[in-house]
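For reference, the structure discussed in these notes is given below.
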Amino acid sequence: MNFDYNRLYLTTDGRIGRQDFWIGVVGLLVVGIVVSLILAGLFGMVSFVARLLAFIVQLAFAYPAYCLMAKRFQDRDKPGNYAGIPIGIGLLITLLGLIGLTGSPANPNSFGWLLSLVNLAVVIWIVVELGILRGSIGDNQYGGDPVNPTAA
């Protein structure tokens, strides 16, 4: 299979279907889990250094995740910059946790629990919007239909 990972993770042009979206998500998850396990093995799970490095890794993953989600939003005939919403919320929550405003990772405070609920709502929105719902049928302002290129 000849799959274009550069297009998937490094550009916001065009549209992708649900299958390519899930392939991209699984790719990011696998790499993220491997990196997290390495960091946890080297620095522990809850040390400040481990959490700081996890935030840096999250920053590094932000652009590929943005590109992936932007193309799915565009397939749904919505602006790709909507992808900035979940990325920004995720980074903000991680940063607030890093500086200690949400309690400790093992014992979150009320604000930490509230942000966890916000994060859960965003994850559910993204899974439904980008991972379950079909894109617009036929061409739209962002390009041709990635599932059925002949539909118009």
Does anyone have the angle between helix 110-126 and the longest principal axis of the chain? Alpha-carbon axes, 0 to 90°, nearest 10? 20
Nearest-ten-degree value, helix 48-75 long axis tilted from longest Cα axis of the chain: 20
Ranked by GNM mean-square fluctuation in the chain (Cα springs under 10 Å), the top entry among A50, A70, A83 is A50
Which one, L53, L95, L117, has the greatest fluctuation when you compute a Gaussian network model over the chain with C-alpha springs under 10 angstrom? L117
Treating only the Cβ atoms of Lys and Arg (+1) and Asp and Glu (-1) as charged, compute the dipole magnitude of the chain about its Cα centre; round to the nearest 20 debye. 220
Report, to the nearest 10°, how far helix 18-43 tilts away from the longest principal axis of the Cα atoms in the chain, using its own Cα long axis and a range of 0 to 90°. 20
Dipole of the chain (Lys/Arg Cβ +1, Asp/Glu Cβ -1, origin at the Cα centre): which of V57, Y142, A70 lies farthest to the positive side? V57
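Bear in mind these aren't lab numbers, they're just calculated from the coordinates by the rules spelled out. In this text the structure is predicted, and so the values were computed from the model without any measurement. Please note: Cβ atoms are built from the backbone with ideal geometry, for glycine as well, and neighbour counts cover all protein chains shown.
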